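What follows is a set of notes on a single structure, which appears directly below.
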Amino acid sequence: METATFGNGCFWCTEAVFQQLKGVEKVESGYAGGHVENPTYEQVCSATTGHAEVLRITYDPKQITYDELLQVFWETHDPTTLNRQGNDVGPQYRSVIFYHNEEQKQLAENYKLALDESGAYDDPIVTTIEPLTNYYPAEKYHQDYFLRNGSQPYCTFVVRPKVDKFRKVFKDKLKPEYS
C-alpha cells in the first residue's frame, strides 16, 4: 500500500469522492501543513494554524496509480481559486498536494505543468506542491462524513452534486458497489 495526501477543499466533499475509487483502501480526513501540533477543527477553521483540510488516501498502486489519483484530484475541484472552494473560504480550503517522496513530487509537478500548458483553465493554477511535514487526523465525527450524514442539507446540496458528477466522469474507476 502507498499513501497520497491531497487538500482540495472541504474534506467532507472530497472524502466521499476518493472513497469510491477502485484500489483505494482507506480515506482519512485530517489536517496538514500547519504549525500547531494536534489542531482541532475549530483551530483550523480560525485560519491561524496554517493547516489545510486534507485527505490521507491509502491505496494499492497495482489497482490505481498515483497519476490516476492526481487526475481525480485535479478534476474534482477548482485549482485556480486561492484559499477557496465554492462557498468555503479560508487557507484551510487551499488547493495543495503534499508529496510523500520525490516520485510523487515529480508526478504532481509534471501534471500541473501539463495542465498549465494545455490551457485547461482560464485562470492560473494556484495549487501548491509541498513536502508532507506533518499530518493530524481530524476528529472522529469528520470521518466518513458523507456516508453517515448524506441526508443532511449540506450533504444534499453541496456534497451529493460533486459525488454525482464524479461518478459520471469516473464511472470506469468506481468500486463495484458504487457502479
All-but-one check, Glu53 against (1) part of a strand (DSSP E or B); (2) of a type in the set (D, E, K, R); (3) surrounded by fewer than 20 Cβ atoms within 10 Å (Cβ to Cβ), failing number (3)
Listed by first then second residue, the pairs whose first member lies in the range 140-168 and is closer than 20 Å to Gly86 by Cα, whose partner is outside any helix (DSSP H, G or I), with beta carbons under 6 Å and at least 6 positions apart or on separate chains, are His142/Ser29; Phe166/Thr76
Going through the range 1-27 in order, the residues found to be within 10 Å of the chain's Cα centre (by Cα) and not hydrophobic (A, V, I, L, M, F, W, C) are Thr5, Gly7, Asn8, Gly9, Thr14, Glu15
Practice item. Return a yes/no flag: does the range 147-169 have any residue that is in contact with a helix residue (DSSP H, G or I) (Cβ under 7 Å, 6 or more places away or on another chain), part of a strand (DSSP E or B) and closer than 18 Å to Gln19 by Cα. Key: no
Q.
Given the condition at pLDDT 95 or above, of a type in the set (D, E, K, R) and either crowded, with 17+ Cβ neighbours inside 10 Å or assigned to a loop (DSSP other than H, G, I, E, B) (or both), answer yes or no: does some residue in the range 6-27 qualify?
A. yes
Selection from the range 56-76 of residues not aromatic (Phe, Trp, Tyr) and not in a loop (DSSP other than H, G, I, E, B) yields Arg56, Ile57, Thr58, Asp67, Glu68, Leu69, Leu70, Gln71, Val72, Glu75
If we keep only residues of the range 113-148 that are more than 19 Å from His77 (Cα to Cα) and of a type in the set (Phe, Trp, Tyr), then the residue surrounded by the fewest Cβ atoms within 10 Å (Cβ to Cβ) is Tyr141
ask   = Is it the case that some residue within the range 68-75 is modelled with pLDDT under 95 and surrounded by fewer than 17 Cβ atoms within 10 Å (Cβ to Cβ)?
value = yes
Flagged pairs (Cβ under 8 angstrom, 6 or more apart or on separate chains; first in the range 101-117, part of a helix (DSSP H, G or I); second acidic (Asp, Glu)) are Leu107/Asp67; Tyr111/Asp67
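The values are calculated or read from the model by the stated rules, or taken from the named source; none is laboratory data. Keep in mind it's a predicted model, so treat the numbers as computed, not measured. Cβ coordinates were reconstructed from backbone atoms using ideal geometry, including for glycine residues, and neighbour counts include every protein chain displayed.
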